[in-house]
Amino acid sequence: MVYRIWLALILTLCLSGLFAQTEPLSTPPRVIRQVPVKLPRNWDFQYEKMEVLVKLVVYPDSSATLSRIQDQKIELEELIRESLPQMLFSPMFKDGTAIQSEMYLLLKLEQTEQLPEDYKVFPMNRDILAGWISEEMVEYNLFRPRIRDPFSSPMLGQLDLYRHNYNSVGLTSDRLQLYDSGFAYSPFIFNQALYLQYLHTFKRAEPQNTKLDFGSPVYGQAAPITDIQVGLGDYEYSFARGSIAKNHILDTEDLFASFDFLVQNGYWSEAIADQTSMRLKLRIPYRLLALNTEFEIYEQNVAMTQLDPIFWETSLYRIDHRRDALSLHLDNPWLSIAFRNEHEKATSPRFKINPQQDIQHLMISKSLVLGSPGNFSLDLEAGYEKLWKQMNYELPQSSTEVDFQDRLSLESRAALFNTRLELGTDIYDFKDTRTSLSLEHQFQTLDLGAYGLANTSGKREFNATKSIFNPLDTLYTISTWTPYTAAVYTRVKALKPLRFIIAGGIKQVYNALPYRMASSGQVLNIEYESKIPFTDICIEAKKTLGGIEFDARQSLGWQAWDEDLREIPQYRYNTFLVATRRLEHNNALFGGMALTGHSSYLSKSTLNYVITNSAIVDMWLGFRITNLFELTFSFRNLGDGAIYGVYPIPQSMHATLRWFFMN
């Protein structure tokens, strides 16, 4: 009898094991750490039971999202969503694999204790944080060419730039003026593209008329935010850029500090271009006043082709360039006062004179707003900037930035219903002026407008200065000047998914060239002047097809060809296209391409360089994890060509990582 009982037990155990192996192993989801949902102190709802039943979706990565509130307490939805990231879940496992599942959970409600009257609550707005990160992602997107937005000022014209990470080459614009936090950029021996590269490393661009003012908005949240970018590529290329910002330091509202740095090394424009740059910004509030201080250093080894083309030679060499500045801005309701100290120096074994300049700026400004938007409004702004400059070298006259000691600035913007009028003028040393005027009427489907630009700061003769290559020689360089520009434009905004602007007009261009007589050695002034018709087009399109989001931009500039004028390519164009596939949990896959090119033109160099028609194509693929992490693989200069007379980077592959994180 006992033998039979033992035999039955053994058979039962064997059968149980057999069936257990044929059934799949499955464990339900469960909560490991639960936290209560905290109700704000001013919560208007009262509950008989301080609990809420919810249905959750638990994902394989142990995160969870709210699916439904089961007991009609829908006003708690946002509070529950904010509490879930603080909890810890174990997902459902089937055959040893984590899978998505659903579970019901009874959450406790907890009333927040009353805080002392002197307790300060600092802003921690998720929407503002997300908006800040989104803006930074776009502003420092290293693959997006600088194509003008169709809704920005048409007077700015087209930015002819090609960039790779934090390097840039380009064609100097005949109408663009650079400003740094309101201070006018002083001319030096380098191309405008190099300064655009420096300014855009840590700052955002604010276009206004023909001015591009780079500034840095104040991050307003108490949580520190850090932005890290790193990259590696062929030809020993590498870079690292970091940024950290925090407000409400020491529990003081609007006490703000940020620190940015860039370390970059690798082959650029046929030279090893090492760069180390940094910026420190501090904002100190006191009642109605706020003192903004900023210290920045830009230091880089650059190639000869980064000089203004009037200094180009037949052989390449490297130049050590350093630019640093200390700025102080005192903001107040009555009158803004600012001071800036700059130092800039260029050194090279090729130079016999190493140019350097020290500049002190003093600027005062006042703005006034009258009326109300929608009916009539008037914005007025007046400013005065004084410069004290010490230089060891006399610079040839720049075709873009003006060398001045006194600058008086007047800006006005008026709106009457759907009509906009803008007038701006800068008066240099109380004699030369740059003036812009635009008039626009906005209809429901399109805008119609016209603008005019006038510049009296040019001259009708070539430049003759001491040579930086040999102090005993005179350097004769070409002078270019655009006395006026006039155009009409239309901006179409209702032809979805397209938005575009078309401008057409005429500009007067003046060149003065030195010509040395072979017989006598005398240098004659050869003048060329022409009225050049031009057209600028900028198109933007966004469309979703088959679950893939397409974002495209195209700019095209045309101007009549003149074989005698310098830096007047007939065509300039930029194309940008990116496709994004959204995935679950705010992840995404993306890929894109960019094309930058121009037709042939004559350089400003007296060597009569012909810059042949050129184009560069870049392509990239990447993936995004939420909106905080991005990894991109790029293929640069697929055709291994040059652009704007410079061979910027060989055909190469690169990897770039970007990561935001917050405390």
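The values are calculated or read from the model by the stated rules, or taken from the named source; none is laboratory data. Nothing here was measured: the structure is a model prediction, and the numbers come from that model. Using ideal geometry, Cβ is built from the backbone for each residue, glycine included, and neighbour counts are taken over all protein chains shown. Surface accessibility is based on the protein's heavy atoms, side chains included, excluding ligands, DNA and RNA. Shrake-Rupley method; radii C 1.70, N 1.55, O 1.52, S 1.80 Å.
Observations on the model:
- The peptide list 330-338, 314-322, 394-402, 600-608, put in order of mean Cβ contacts within 10 Å with the highest first, becomes 394-402, 600-608, 314-322, 330-338.
- Here the mean projected area of the convex hull built on the C-alpha positions of the stretch 163-276 is 8.8 nm².
- Here the stretch 360-495 is treated as an ellipsoid with the same Cα gyration tensor; its semi-axes, largest first and in whole Å, are 39, 20, 10.
- Lysines whose Cα lies under 19 Å from that of LYS604, excluding same-chain neighbours fewer than 8 positions away: LYS459, LYS466, LYS507, LYS531
- Here LYS386 is the anchor, and the lysines within straight C-alpha reach of less than 22 Å, apart from those fewer than 8 places off in the same chain, are LYS211, LYS345, LYS366, LYS431.
- SER519 accessible area, assembled protein chains, probe 1.4 Å, Å²: 110
- Placing R0 at 51 angstrom, the Cβ-Cβ distance between ALA518 and ALA240 gives a FRET efficiency of 0.40 after rounding to 0.05.
- Per-residue accessible area (protein heavy atoms, 1.4 Å probe) orders LYS466, LYS386 as LYS466, LYS386, starting from the largest.
- Solvent-accessible area of the chain (1.4 angstrom probe, protein heavy atoms only): carbon and sulfur portion equals 59 percent.
- In the assembled protein chains, GLU51 presents an accessible area of approximately 40 Å² (probe radius 1.4 Å).
- When each of the peptides 39-48, 163-172, 277-286 is scored by how many other beta carbons lie within 10 Å of its residues on average, the order from highest to lowest is 163-172, 277-286, 39-48.
- DSSP beta bridge pairing in the chain, given as percent antiparallel to the nearest 5: 95
- Only helices enter this figure: runs of n ≥ 4 DSSP H residues, each worth -39500 (n - 2.57), summed and divided by the residues of the chain, yield -2500 deg cm²/dmol at 222 nm to the nearest 500.
- At least 24 Å along the helix axis (C-alpha) and Kyte average at least -0.5, DSSP helices within the chain: 2-22
- Rg(Cα) / (2.2 N^0.38 Å) computed for the stretch 173-232, rounded to two decimals: 1.37
- Take every pair of alpha-carbon atoms less than 8 Å apart whose residues are at least six positions apart; their mean separation over the length of the chain yields a relative contact order of 9 percent.
- Once you divide the Cα radius of gyration of the stretch 440-598 by 2.2 N^0.38 Å, the number left is 1.53.
- Whole-number accessible area per residue in Å² for the chain, which is evaluated in the context of all protein chains at 1.4 Å: 49
- Square roots of 5 times each gyration tensor eigenvalue, C-alpha, the stretch 239-287, largest first, Å: 35, 9, 5
- What the Cα convex hull of the chain gives, in volume per residue, is 229 Å³.
- Sorted peptide list for 585-593, 302-310, criterion being average Cβ within 10 angstrom, highest first: 302-310, 585-593
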